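The values are calculated or read from the model by the stated rules, or taken from the named source; none is laboratory data. Everything numeric in this text was worked out from a predicted model, so none of it was measured. Cβ atoms come from the backbone with ideal geometry, glycine included; neighbour counts cover every protein chain shown.
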């Protein structure tokens, strides 16, 4: 299989299928049994590890940590019953718009705790 974004959809399908499985036999099920807070915590940990790998300049570590980050992002979406296609649609909506314009179009303070 060619390596492209289809892997995200295939991985999401696997993750969604494991929702409700025995946490003793599936890491994915174990994460989801902790609910969205546990999934979000793990997502944050992987984001930090990706930043650390980026700061070190270690390309192999950046790739590996990015894969972990995407996995945990998908687990978090699944825990919240959000399909990746919702995120893809939002990206498509923003296509062709500068980041500055997009950010200015948002209501003030709609992302609590987000650093600028």
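Here are the numbers:
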| item | result |
| --- | --- |
| Sole exception among (1) touching a residue at least 12 places away in the same chain (Cβ under 8 Å); (2) part of a helix (DSSP H, G or I); (3) exposed (fewer than 12 other Cβ atoms within 10 Å of the Cβ) for residue 28, by number | (3) |
| Test: residue 108 is surrounded by 11 or more Cβ atoms within 10 Å (Cβ to Cβ) and either modelled with pLDDT under 80 or not in a helix (DSSP H, G or I) (or both) | no |
| Tally, over the stretch 62-96, of residues that are assigned to a loop (DSSP other than H, G, I, E, B), out of contact with any helix residue (DSSP H, G or I) (no Cβ under 8 Å at 6 or more places or on another chain) and on the phi < 0 side of the Ramachandran plot | 2 |
| Boolean, residue 52 is surrounded by 12 or more Cβ atoms within 10 Å (Cβ to Cβ), touching a residue at least 60 places away in the same chain (Cβ under 8 Å) and out of contact with any strand residue (DSSP E or B) (no Cβ under 9 Å at 6 or more places or on another chain) | no |
| Odd one out for residue 45, checked against (1) in contact with a helix residue (DSSP H, G or I) (Cβ under 9 Å, 6 or more places away or on another chain); (2) part of a helix (DSSP H, G or I); (3) more than 21 Å from residue 8 (Cβ to Cβ) | (3) |
| Yes/no for residue 13 being over 17 Å from residue 68 (Cβ atoms), under 17 Å from the mean Cα position of the chain (by Cα) and part of a helix (DSSP H, G or I) | yes |
